Structures are given as C-alpha cells and as structure tokens.
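Participant: Below is one structure. I have some questions about it.
Since every read-out is calculated from the coordinates, none of them should be taken as a lab result. Predicted model, so just to flag it, every value in this text is computed and none were measured. We place every Cβ from the backbone using ideal geometry, glycine too, and count neighbours over all the protein chains shown.
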Amino acid sequence: MNATKRPGRLGVLFLGGAKRVAMARMFRKAADARGLECDIYGYELSRRCALACEATEIFEGLRWSDDAVYADLDRVVCENDIDIVVPFVDGAVGVAAEYARHRATVPVFSPTGDRAVSELMFDKVEAAAFFESKYLPIPATYHYSDSVGKLIAKPRRGSASKGIVLIDSEDDLSRLDDSEYLIQERIDRREEITVDCYVGVHSGLAVAVSPRVRRDVAGGEVVDTITVYNSAAVELVKRTLEAAELRGAVTVQLIRDLDNGRLMIMEINPRLGGGAVASVHAGVDLPGLIIDDCLETDFAMQYPVAGVETLRYLDDVVFYPDKQ
C-alpha cells in the first residue's frame, strides 16, 4: 500500500510532540532524500509551542482520555491529507495505535504496535511481571515477605523519574500505598543505557537497535547523550523486543549494576524517546525507517556509529499578541 495521498507529498502529524523541533527537521530531511515534500503538523493542547517554528500548522486538540479525540483526529487527518501519525508522549501511544488500526476513515500509518501490549509497558507493575514471565532480567522485585534493604519505589504509571521514592527502612515502606508503586532493589552504583529501536510494523523485524548513555538530564529530558557500542545490550534488547512482540518505534531503558556487571531491563517506552535524535545523528535514520515502513519500502538493518555525542540547548520561539 502506498499511503501517500498526493504524489510526491507526505503529511506527518506529531501527537504531543510540542518540543520535537529537531525531529521534525529530521523527518523533512528523510522525506527529501526519498524525493518527497514533507508537511509537519502538531496536535497539542495549545497552538503556542516550540514545534510551531517548524510545523506547517499546530492544531489545538483534545486530551488523550477524551472519547471524542478519535473523531477530532480523523477530522485533522482527512482535512490535511495526513499519511503518518507519530506519538511522542505516553498517553498518545494507545490513541495513535487505536486510531490508525480501527478508527481512521482513510488509510493512515502509525509506527506503533498492538495497543494492549503498548499500554502494558506503561504500567510498571504489570510490565515487571511480564518481563519475569518471559525470563528477562530485571532488578529484583520486592515482596512483603522479603527483608527491607535498599529499595526504590516507582509510581506504577509514572514517567520522567517523577514521584520516585528511595526506601531504606520499614518506616519508609509503611508510608507508601504499595498498590500504586513498583518496588524493586535499589542499585546505587549503576550505569543507565537507553536503546533507540525500530521494529518494522509490517515485517516484525528489528532493523535498528542503537544504545546510548545519558550524561545529563534536565526536567526529565536528556540534554547530553552519547552513542556507545555494547553488544550485550543489543542482544538483550533484541530478545526483549521479540518476546514482547513490540512494533514500530521503541525506547528500551536498561540498567547495569557496576558492582557485578548485571545488565537488566528498567522499563520500555513504546515510542520515540526524547533523545532519539542522537541515534539519528549517529546514522540510524529513524524518520526514514518510519517513512519506508509507511510506504512498505524494503529497508536494511542500520547500525549506529559509537561515540557520537549530542547536546541539547535552549532556543526561543516567540508568539506576538496579534498572531495565532
């Protein structure tokens, strides 16, 4: 199926991609390399966002939990000849998957997998149980029959490291509603590895697995990251992607215990990560893979160059009172 509705032109809609200016430019570059003109659109709660400096238009949309969001998305897609819908925040992933597969009135592609599998990954308790059932390595999950050592409690549906609680005693533990947290062993001496991946929606083949290390984070987003060569991380991630039958853009967070070398899964976000531009700079053309998957064009395995460091800096986007 050639999803492009107008020859030579591609319409891409970012869901919750308000800050993804660099990624928008990368989509345009990837489209241009394929002889396509690319229009980028955004679907946000406010039209005044950073993406506006690069987008053809920003649409003021509904919340992901609103039942009317599918009809509203369909209006935007149909009126603007959208070919690809890309989610950038957790709440948009299930919406994009559901819309592209079951709610759209015209053919549209989304680099997402099964909605149920995707949303399972956003519940840390359910995801940990799933990983254990597939014999995938994760930090030891705490059970109330265990003795209390150094523990970490993560909100089961949290993101961006918000709401994390460090536990050192039974008193610390007693203050928590354990049903709302995933409680695991705390690994203080650790290295965290982020892996940007792409699994063909049509083929099911993992064609990109790109590890990088976050050197600095601000406001829950990476601002300094460097690609690395780590064959053990690549093999673990490939096993995980296959076991979970994930599709499309996937970000896998790993943790390595520096005291004993254990490499484990920390969490999975079934979408493009905020720092995925680093992998693109390192040679893994994630926007190009999404476009090729949409157009059902053959693509080969892509390998990143190790040692590519990407720094993020602040810039200004100005909206004047007489401008929308």
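Participant: Taking the number of other C-beta atoms within 10 Å as the exposure measure, put Glu192, Glu267 in order starting with the fewest.
Facilitator: By the 10 Å Cβ count, ascending: Glu192, Glu267.
Participant: Same structure again: Run the numbers on the chain and let me know its relative contact order in percent, using alpha-carbon pairs under 8 Å that are six or more apart.
Facilitator: 17 percent
Participant: State the antiparallel share, in %, of DSSP beta bridges confined to the chain, rounding to the nearest 5. It would help to have the intermediate numbers written out before the result.
Facilitator: Working: 42 of 59 bridges.
The antiparallel proportion sits near 70 percent.
Participant: Quick check for the chain: number of Lys pairs with alpha-carbon distance under 16 Å, counting only pairs 8 or more apart or on different chains?
Facilitator: Here the count comes out as 5.
Participant: Quick query: amide H of Asp114 versus all other amide H atoms, modeled in the peptide plane; which residues come in under 5 Å with a sequence gap of 5 or more or a different chain?
Facilitator: Counting only residues 5 or more places away or on other chains, the set is Arg247.
Participant: Kindly put Ser179, Ser110 in sequence by how many other C-beta atoms sit within 10 Å of each C-beta, fewest to most.
Facilitator: Fewest-to-most Cβ neighbours within 10 Å comes out as Ser179, Ser110.
Participant: Expressed as a whole number of Å, what is the distance separating the alpha-carbon centroids of region 220-240 and region 283-297?
Facilitator: Region 283-297 and region 220-240 have Cα centres separated by 20 Å.
Participant: Arranged by the count of other C-beta atoms within 10 angstrom, fewest first, what order do Met23, Met264, Met301 take?
Facilitator: Ascending number of Cβ neighbours within 10 Å: Met301, Met264, Met23.
Participant: Applying a 10 Å radius around every beta-carbon, put 51-62, 67-78 in order of their mean neighbour count, most first.
Facilitator: 51-62, 67-78
Participant: A further question follows. Above 32 angstrom, tally the Cα pairs of the chain and express them as a % of all pairs, no decimals.
Facilitator: Working: 15171 of 52326 pairs.
More than 32 Å apart: 29 percent of the Cα pairs in the chain.
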